[in-house]
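Trainee: Got a structure for you, questions after.
The values are calculated or read from the model by the stated rules, or taken from the named source; none is laboratory data. All values derive from a computational prediction rather than experimental measurement. Note that we place each Cβ from the backbone using ideal geometry, even for glycine, and neighbour counts take in every protein chain shown. Surface areas here come from the heavy atoms of the whole protein model, side chains and all, with no ligands, DNA or RNA. Shrake-Rupley method; radii C 1.70, N 1.55, O 1.52, S 1.80 Å.
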Amino acid sequence: MGRAFEFRKARKMKRWSAMAKAFTRIGKDIVMAVKEGGPDPASNSRLRAVIQNAKSVNMPKDNIERAIKKASDKDQGDYKEVLFEGYAPHGIAILVETATDNNNRTVANIRSYFNKCDGNLGTSGSVEFMFDHTCNFRINAEGLDPEELELEFIDYGAEEVFKDEDGILIYAPFGSFGAIQKELESRDIEILSSGFERIPQVTKQLTPEQVADVEKLLEKIEEDDDVQNVYHTMQESVA
């Protein structure tokens, strides 16, 4: 198995564990998708993907429809996606993906978390190069063979295809998202969820005490309402 498999295994159940937080994040994704391509999922591929993700975390249908209606309101503000880069203690690189309607507030909050936990907020490009920006799809595994699927989807950018207890996962470079989504839909293969992740190229092993220092910063960042995802280069347990 490759890096995507190990990355997914290590992070399983560690992120998006709080259902209310997941709903908040998906709500923002819906707003951004509707603002970008309109409220009709049939003609808005990004919105289709967000709705699939909402269903995968059991977000009620009424909540989804209400979020789309709210996003369609001309008075609804938009969210801007902003990436923050920096270092936690012990040389651990951190990437923070945010969706914010008030950049000044978000910058101030993220900087304060780094400062309070002995980290350093860096400049744009300071650590992003240490991560591979990938896209992923989880599909219904019924009647499908992962090895055959991998061979068939190499032409669309797929790099890793593997099966777990929840379906088959396809990983590819960030830019391959549209081509793979289109091909899966054309084959009537059920997409359970999809998204983007930043996989560290190299990870660093720390002592338990050092891990606690880094986790303190990660927890503060992840609790912020503007934060969508947090990635780092600390080696995580796959047990």
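Trainee: Please find the FRET efficiency linking residue 235 to residue 201, where r is the Cβ-Cβ separation and R0 is fixed at 22 Å, and quote it to the nearest 0.05. Display every interim value, and only then the final one.
Mentor: Working: r = 13 Å, r/R0 = 0.58.
According to the calculation, E is roughly 0.95.
Trainee: Further, regarding this structure: Can you sort 69, 55, 21 by solvent-accessible area, 1.4 Å probe, largest first?
Mentor: Solvent-accessible surface, decreasing: 69, 55, 21.
Trainee: Determine the percent antiparallel among the DSSP beta bridges restricted to the chain, to the nearest 5.
Mentor: If I count the DSSP bridges inside the chain, around 95 percent turn out antiparallel.
Trainee: Convex hull over the Cα atoms of the chain, averaged projected area in nm²?
Mentor: 13.3
Trainee: What distance in nm lies between label points placed 7 Å from Cα along the C-beta direction at residue 66 and residue 111?
Mentor: The answer from the label model is 3.7 nm.
Trainee: Please check: in the Gaussian network model of the chain (C-alpha springs, under 10 Å), which one of 189, 139, 94 has the largest mean-square fluctuation.
Mentor: Comparing 189, 139, 94 in a Gaussian network model of the chain, the most mobile one is 189.
Trainee: Compute the semi-axes of the equivalent ellipsoid of region 151-239, taking the square root of 5 times each eigenvalue of the Cα gyration tensor, and list them largest first in whole Å.
Mentor: On the way: eigenvalues 205, 48, 30 Å².
Largest first, region 151-239 gives 32, 16, 12 Å.
Trainee: Roughly how many nanometres apart are two label points built 7 Å out from the Cα toward the Cβ at residue 6 and residue 166?
Mentor: 2.1
Trainee: Skip the ligands, DNA and RNA, and give the accessible area per residue of region 1-146 with a 1.4 Å probe, whole Å².
Mentor: Ligands and nucleic acids excluded, the result is 53 Å² per residue.
Trainee: Within the set 28/182; 21/55; 21/70; 55/116; 116/204, which residue pairs have Cα atoms separated by over 26 Å?
Mentor: Beyond 26 Å between Cα atoms: 55/116.
Trainee: Let me ask something additional. Given the protein chains as shown and a 1.4 Å probe, how many square angstrom of residue 82 are accessible, to the nearest 10?
Mentor: Per-residue accessible area (residue 82): approximately 30 Å².
Trainee: Could you sort 112-120, 36-44 so that the peptide with the highest average Cβ count within 10 Å comes first and the rest follow in order?
Mentor: Going by the mean number of other Cβ atoms within 10 Å, highest first, we get 112-120, 36-44.
Trainee: In region 86-177, what GluC sites (Glu not before Pro) fall in a loop by DSSP, with at most 14 other Cβ atoms inside 10 Å?
Mentor: Working: sites: 97, 128, 142, 147, 148, 150, 152, 159, 160, 165; in loops: 142, 159, 165.
Answer by residue number: 142, 165.
Trainee: Sticking with this one: Going 7 Å from the Cα of residue 186 toward and past its Cβ, which residues in region 145-159 have a backbone nitrogen under 11 Å from where you end up?
Mentor: 156
Trainee: Leaving ligands, DNA and RNA out of it, report the carbon-plus-sulfur percent of the accessible area of the chain at a 1.4 Å probe.
Mentor: Of all accessible area on the chain, carbon and sulfur atoms account for 48 percent.
Trainee: Normalized C-alpha radius of gyration of region 1-140, against 2.2 N^0.38 Å?
Mentor: 1.18
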